[in-house]
1. Looking at region 2-31, I want the residues that are surrounded by 13 or more Cβ atoms within 10 Å (Cβ to Cβ) and at pLDDT 65 or above and have a partner that is among the small types (Gly, Ala, Ser) and in a loop (DSSP other than H, G, I, E, B) with Cβ atoms under 7 Å, at least 6 apart or on another chain. Which pairs are those?
2. Confirm whether residue 47 is part of a loop (DSSP other than H, G, I, E, B) and at pLDDT 80 or above.
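The values are calculated or read from the model by the stated rules, or taken from the named source; none is laboratory data. The structure presented is a predicted model; accordingly, all values stated were derived computationally and were not measured. Positions of Cβ are generated from backbone atoms using ideal geometry, with glycine treated the same way; all protein chains shown enter the neighbour counts.
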Amino acid sequence: MAQVIHPITEAPDRTLCTDCGISRSSDPKRCGRACQFIDPQYESLEQEIHGQSRTLNHGDGL
C-alpha cells in the first residue's frame, strides 16, 4: 500500500505562488529569481536553452 508523504515544513503564505516546490526548499527566496510568473524571462531563456527565441508568426513557433 502506498504511503502518504507529508510536507516537512509548512509553506510560507504566498499571493502569486503555484507551490512548485522551490518555496519549500532550503532557500525559498530563490522563488524571486526562478519563478517565471514573478520575473518572466522567456526570451532570454528560450535563447539560452533552444538557441533562438520563439517566433509566433511561423507555424512551428509554438
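1. Listed pairs, sorted by first residue: 23/11; 24/11.
2. Criteria not met by residue 47.
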